[in-house]
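Shown next, in structure tokens, is the structure this report addresses.
Computed from the coordinates by the stated procedures, all read-outs in this text should not be read as laboratory data. Every value quoted in this text rests on a predicted model; they were computed, and no experiment measured them. Because the Cβ atoms are built from the backbone with ideal geometry, glycine has one as well, and the counts that use them run over all protein chains shown.
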Amino acid sequence: MEKHSIMLLLSCLLAGCTTPTVNLSTSEPIKVNIDMRLDVYQHSQAGSKKPTTPSVVALDPESARRNRMADIQQFKNSLLVGEGRDGLLVLIEKNTPGEYGDYVRKTLSAENDDRMALMKSASERDKISLPDVQRKQAELWQNRSFKNEWIEVAKPEGSWVWVQKE
Amino acid sequence: MESDKPRPRRRRWLRIFGAVVAFGVLALGISVWYLLTNLTELARWAVHRAIPAAVVEIENVHFDGVSSLVVEKFVLRDRASNDEVLRLDRGDVVFSFDAIWRNQLNEIRLVNPIIRVNPGIGNLFPVSDKKGAAGKPWSFLRIVCDYGEIRYSGNTEHSPAVSLKFAMDWRDFGDPVAAANPLELTIWDVQATVAGTAEPFLVLDVVRLTASPDSISKRSTVDSVSISSGRLTVGPALEKIFSGPPDADSKVALPALKIGKLDIANVAVRLDDNRPEIADITFRLNTTFQDIPIANMADAVGDLPQSVEVNDLEIMSPHDPFAKVLTLRSVIVRFHLGGLLRRELDAVEIDRPTVYVGEDLFWYMEDMSKRFGTSGTKPSGGWTIRKLNVQAGSLVIASSGRANYGLPLNFRATASDVELDNLASLQIETVFEIPGANYEFESYQLALSTRDGELRFAYPPEKGEKNLVGKIFINRIVWRQYEASKSWVSATFDAKGINGAFGGEAYGGYVGGGFSFFFDAASPWIGWLSGEKVSLRKLTDIISPQNFRMTGPIDFRLQMDAFGKNFERIKGDFKVRGGGKMKISKLDDLLARVPDTWSALKSSSTRIAVETLRDFDYTSARGNLWFVREQGVVELRLQGPLGSRNFDLVLHADESKEGRWKSIR
């Protein structure tokens, strides 16, 4: 009898018992945040490998300028520098701290050296005075500046003022 | 015997007769001697009797042989004004007594006669009222003049002064039997001037008149007048003549003759303009008139339609002799001389003009404007073109006057009563039509179908702008795989460069933009592009078909900075309105390549991860980008109910690690 009772109990238990439910759903949908950086490299063609040397000074001013264009653009995007009235870049945010500030100043100096070398060359080539070349280049640079970038413009009374290009 | 002796009475008569004859001969001899020794005085007396209003000066009259009378230094002056009317160095009259008996002279030879025709000269010579009193008219076997001059001075400041040289050799002049024989008068070096002008406005090299006495007396006709080569300047002098009051005297003086045939050959007509910058136009006049009244000759010539064709006309920059501002392959100017005096041209047909749009063009326009003060007001003395027709015009962008880029469009114009200061200054208040056409430029992967367009110089005119404004409407434009419709492009060319704007429907939205092209040897330019409600799905399907898709209407803005065909810098941002879906279909390839050998857990987790990355529904999507040459950064920020996706795509020009901008993120 006891044996039957146990069998019955087991039968009931087996009959009434199913696989336990594991609830995997959530009250809020699962949020997945993905931050991804994808670097795409343009490989140099064989035989025309570009110089990767950091010695920018070894390059001609035009090439050196081209190599640092992205950095200059980054400075402009960050409103650190602006196009001055003499065809040179001017540091607007002079208090940029630390190593990056040094890098900005160093890059700016190199850029202006190259610009000045190119303008002197144009002055000699076109038989135009250097100030005239600088004024013309400054006008061109400012015309080519993007919206919100700093430019130095003349006020009607003759003084100069820094404005963000509209 | 008594009868042999002459009777005394008869003898006495004979003596008387002899004495009378002797006296008569003596008197005749004395008279002849007196006449011969006082021919000059006699001639003066005779002229004075014939022309009492004149004063005559004769240096000498004498016989040269028995049948030739010579008059030397004959001068006739108006007694009232003392003006010289006629000067003759020498005149020879050859005669014979039997010819004189017949009222005929053998020859009259005039040497260097100078006839000065002054106003009122007609009053000098009395009009004979005794018709037929002269009896039988005199005739001349020959009248010769190898060189003579006639000088006519106008009677008002508006009347032309004319000088000419002439020669003739007429035979049987005045002989009724030979009255039908033509006589020829050769005239050369005809010059007509107006007071106040230095240069003659009319020069005729040779004029031959042919007329018979019969044709003149019976038909009032000069048989023919032939004008061979000469020059007529249509300009201030003619304008002065025709602007004066009607000259009553000259109308009376004009004989009621007509010319049977008037031949004008090789007479250069120059359209003169007193402004030094305006190039004169010269053409040749070759024409023939029949039965033209002399009084109407000017009108007939003035009404004669003319045309001038000028080919390959080049107008150069005032500041650079090597820089073209305008070339005209062919210009046909239709006019009549009478219209020219009113500064009217019947028609100007310009074929294949090329406008070199650059600093020089606008300097030139500015220069013209300063010189003539044309801005905003109708110039005084400007020309009017009754009908202007311009065909197949083209524009060339002339950067710094050296590097030329042809624009792919033609323009044309038809206008009536166009008033312009001068053709070259382009101050034409005419809308030039740019006809619709299909263009395909394979090297640029560009094709466009234009509907129509217009081109305006100095627009808007009330502002006196020195510019060129063009606008084209485009039905369809395809650049590479991109396409737009219902578009337009507008460009304003001025001394600093080209400023343009454009817009059109594209991919369900509207795309607009602009550009500024600066005149410089390196051809720098900037541009901007913006879009509103552009279907991102259509756009991504084109940019990256079957690899990447985003949906939703996108607004975007781009700025560009370029030299020639090379983009130096691009910067922009974008934002999707109202959300959408992102699907990176390219990842399906990755899923398909999941090895079967992977465990179910590894395979499933990989699949989940990739699918999570592949598909994303976003409620907001925005981003920005910048490129400098081949390198730059694209940021894409997506937010949705299932999280966020932030992508930074960094494009490196090469493998170099140099550049702090690469490590900023």
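Here the Karplus curve 6.51 cos²θ - 1.76 cosθ + 1.60, taken at θ = phi - 60°, turns the phi angles of region B:478-490 into couplings of 10, 10, 6, 9, 9, 9, 9, 9, 6, 10, 8, 10, 10 Hz, with x standing for Gly and Pro. Karplus-based coupling profile of region B:616-624, in residue order and whole Hz: 8, 9, 10, 9, 9, 9, 8, x, 8, with θ = phi - 60° in 6.51 cos²θ - 1.76 cosθ + 1.60 and x standing for Gly or Pro. Under 5 Å from the amide H of residue B:96 lie the amide H atoms of B:106, each residue being 5 or more positions distant or on a separate chain, with H modelled from the backbone and absent for Pro and chain starts. Normalising the average separation of contacting C-alpha pairs (under 8 angstrom, six or more residues apart) by the number of residues puts the relative contact order of chain B at 4 percent. Directionally averaged projected area (region B:490-562, Cα convex hull): 5.6 nm².
By its C-alpha gyration tensor, with a ≥ b ≥ c as the square roots of the eigenvalues, how is region A:57-164 shaped: rounded for a/c under 1.5, else prolate for a/b larger than b/c, else oblate? Oblate, since a/c reaches 1.5 and b/c is not below a/b.
Helix B:359-372 and the longest principal axis of the Cα set of chain B meet at an angle near 40°. Within chain B, DSSP assigns beta bridges of which about 85% are antiparallel (rounded to the nearest 5). Computed from the Cβ-Cβ distance with R0 of 22 Å, the FRET efficiency linking residue B:309 to residue B:431 stands at 0.30. Against the main long axis of the alpha-carbon atoms of chain B, helix B:8-37 sits at an angle near 20°. Summarising the amide proton neighbourhood of residue B:394: residues at separation of 5 or more, or on other chains, whose placed amide H is nearer than 5 Å comprise B:354, B:355, B:411.
Please list, short to long, the whole-number percent of alpha-carbon pairs of chain B in consecutive 20 angstrom bins beginning at zero. Computed distribution, short to long bins: 12, 28, 20, 15, 11, 8, 4, 1, 1, 0, 0.
Axis angle, to the nearest 10 degrees, between helix B:600-614 and the longest C-alpha principal axis of chain B: 30 degrees. Checking the cross-link pairs A:147/B:486; A:165/B:575; B:165/B:258; A:155/B:496; A:94/B:496; A:76/A:106 against a 26 Å limit on the alpha carbon distance flags A:147/B:486; A:94/B:496 as lying beyond it.
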